[in-house]
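Heads up, the thing below is written out as structure tokens.
The values are calculated or read from the model by the stated rules, or taken from the named source; none is laboratory data. Everything numeric here is computed off the predicted structure, so don't read it as measured data. As a convention, Cβ positions derive from the backbone with ideal geometry for all residues, glycine included, and neighbour counts pool all protein chains shown.
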Amino acid sequence: MLTLNKTAGVFKPSKRKVYEFLRSFNFHPGTLFLHKIVLGIETSCDDTAAAVVDETGNVLGEAIHSQTEVHLKTGGIIPPVAQQLHRENIQRIVQEALSASSISPSDLSAIATTIKPGLALSLGVGLSFSLQLVGQLKKPFIPIHHMEAHALTIRLTNKVEFPFLVLLISGGHCLLALVQGVSDFLLLGKSLDIAPGDMLDKVARRLSLIKHPECSTMSGGKAIEHLAKQGNRFHFDITPPLQRAKNCDFSFTGLQHLINKIIIQKEKEEGIEQGQILSSAADIAATVQHTTACHIVKRTHRAILFCKQRDLLPQNNAVLVASGGVASNFYIRRALEILTNATQCTLMCPPPRLCTDNGIMIAWNGIERLHAGVGILHDIEDIRYEPKCPLGVDISKEVEEAAIKVPRLKMNL
Ligand code: KG4
Ligand code: ZN
């Protein structure tokens with residue numbers, strides 16, 4: 001087994017271990033493979049994931065180790081814990097993905113790895129491991145932007161041409177962007193505070209859903225979706241955030257505080273302590289989910305109208321792609337469908353397992369970049385990870401100046 005040594009805070013598998021690792025795959029340099037095959041490695045947050053994907057979008061091998069259960073127990077992601085878990089799992093996960101693909105590492109066209117944005121300690125593990133592998137295999141390296149990878153995943157599962165609008169909603173990110181090419185993005189709006197997944201995770205934690213027998217192993221967002229099915233969203237009346245701001249930005253902190261107040265009130269009424277499950281937990285889950293959906297739809301509606309007004313998207317059959325962990329929520333998807341039906345657009349979402357973090361999207365982004373001939377590195381000397389990195393060119397001020405009024409949509413969900 002390849003073990004990773006710690007050198008000055010950075011992970012460095014020893015050369016001998018890397019050779020052993022490669023030998024376990026019958027590594028023989030020079031085998032000729034006719035089409036492009038990319039190994040993708042993802043460690044930007046709390047999933048250690050790897051996949052081998054070919055240029056037609058075939059997933060040849062895949063493996064993932066989720067840290068969700070550990071972080072649920074500690075009440076959130078503690079970066080050094082995430083780092084340690086990535087260290088413990090990365091070699092096994094890459095090995096599993098390669099073994100499942102039945103290809104020799106020498107047949108890879110390139111190695112693609114998330115280097116931005118994300119948790120510094122987590123990104124560092126994936127990058128160090130990848131650079132060692134790249135050095136040994138003498139393959140090109142393709143640094144990947146995590147959000148770009150989420151945005152382009154749809155082109156692996158569906159035939160979607162540029163340009164299209166993308167809504168990325170996850171635990172760490174919340175943005176609306178126009179995708180004009182493989183590395184050509186216009187940022188229309190983003191969250192001014194926290195991401196919706198983060199907010200849902202915090203609400204789930206405050207509701208102690210980890211103690212709920214049906215939700216104990218679910219991420220916060222998934223637990224909220226599950227419980228909301230049993231709840232009544234009309235029980236509480238909440239106005240979605242940023243009603244007056246005529247831009248495409250988002251905000252979730254205010255909503256989180258409002259929900260907190262409701263929880264405190266309900267705990268008083270029901271005579272229970274924080275940490276016990278409220279009898280109205282399902283109603284609260286339904287309310288927060290519905291308000292989140294309405295907020296996301298309104299911002300996205302404005303983005304569609306802006307893009308059409310500026311001829312950035314076709315008037316008919318424009319595509320809206322929703323991805324990221326929160327986009328695996330079927331209630332939010334149905335709300336977005338109401339919007340796309342009303343605006344003559346088509347909603348497309350990757351299957352839920354490709355909405356959350358995975359290695360396939362990273363490998364696919366590598367394939368897209370190989371095709372386009374952009375961002376393929378043969379010299380890996382100066383590669384650094386970047387915990388913070390915006391997506392594309394920010395035109396959110398222009399969007400705000402357009403001050404587009406969004407017509408009311410009936411959210412009969
Ligand atoms: O994309 P992702 O796996 O990781 C990043 O944040 O990049 O997204 C994880 C987030 C978590 O906050 C989780 O609570 C949320 O996505 N999530 C959901 C659902 N499944 C995962 N939120 C709402 N509904 C779901 N079904
Ligand atoms: Zn993600």
If we scan the stretch 209-219, do we find a residue that is within 16 Å of ligand 2 (Cβ to nearest atom) and either modelled with pLDDT under 95 or more than 19 Å from Gly171 (Cα to Cα) (or both)?
yes
Every pair of residues 6+ apart whose Cβ atoms lie under 6 Å, when the first sits in the stretch 131-149 and is without any contact (Cβ under 8 Å) to a residue 24 or more places away in the chain while the second is β-branched (Val, Ile, Thr) and within 16 Å of ligand 2 (Cβ to nearest atom):
none
Checking Asp382 against (1) assigned by the TED database to the domain that holds Thr43; (2) touching a residue at least 40 places away in the same chain (Cβ under 8 Å), which test does it fail?
(2)
Only one of (1) more than 21 Å from Asp47 (Cα to Cα); (2) part of a loop (DSSP other than H, G, I, E, B); (3) within 16 Å of ligand 2 (Cβ to nearest atom) is not met by Gly171, so which one is it?
(1)
So is Ser396 among the small types (Gly, Ala, Ser), touching a residue at least 12 places away in the same chain (Cβ under 8 Å) and over 30 Å from Val38 (Cβ atoms) or not?
yes
Residue within the stretch 248-266 that is in a helix (DSSP H, G or I), out of contact with any helix residue (DSSP H, G or I) (no Cβ under 9 Å at 6 or more places or on another chain), away from ligand 2 (no atom under 16 Å from the Cβ) and hydrophobic (A, V, I, L, M, F, W, C) present:
yes
Restricting to the stretch 71-86, count the residues that are buried (at least 21 other Cβ atoms within 10 Å of the Cβ) and either under 29 Å from Asp54 (Cα atoms) or among the hydroxyl-bearing types (Ser, Thr, Tyr) (or both).
2
Is it the case that some residue within the stretch 370-377 is of a type outside the set (Val, Ile, Thr), without any contact (Cβ under 8 Å) to a residue 24 or more places away in the chain and away from ligand 2 (no atom under 16 Å from the Cβ)?
yes
What about Asn260, is it assigned by the TED database to the domain that holds Leu227, of a type outside the set (Phe, Trp, Tyr) and within 30 Å of Phe306 (Cβ to Cβ)?
no
If a residue must be surrounded by fewer than 20 Cβ atoms within 10 Å (Cβ to Cβ) and either of a type in the set (A, V, I, L, M, F, W, C) or within 15 Å of ligand 2 (Cβ to nearest atom) (or both), how many such residues does the stretch 195-208 contain?
0
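Mind checking which helices (runs of 4 or more DSSP H) fall wholly inside the stretch 68-156 and carry at least 1 residues that are more than 20 Å from the chain's Cα centre (by Cα)? Step through it out loud before you land on a result.
Values: elements: 68-74, 79-101, 120-137, 146-152.
So the answer is 68-74, 79-101, 120-137.
Here are some residues: Ala223, Ala177. Which one is crowded, with 24+ Cβ neighbours inside 10 Å, in a helix (DSSP H, G or I), among the small types (Gly, Ala, Ser) and modelled with pLDDT of 95 or more?
None of the other options fit; the residue is Ala223.
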Those helices (runs of 4 or more DSSP H) lying entirely in the stretch 321-375 with at least 1 residues over 18 Å from the mean Cα position of the chain (by Cα)
330-342, 360-372
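Mind listing just one residue for me: the one in the stretch 306-320 that is assigned to a helix (DSSP H, G or I) and either within 16 Å of ligand 1 (Cβ to nearest atom) or over 25 Å from the mean Cα position of the chain (by Cα) (or both) and, of those, farthest from Asp201 (Cα to Cα)? First the steps, then the outcome.
So in the stretch 306-320, the residues assigned to a helix (DSSP H, G or I) come out as 306-309.
Then keep just the ones that are either within 16 Å of ligand 1 (Cβ to nearest atom) or over 25 Å from the mean Cα position of the chain (by Cα) (or both); that gives 308-309.
Values: Lys308: 34, Gln309: 36 Å.
My answer is Gln309.
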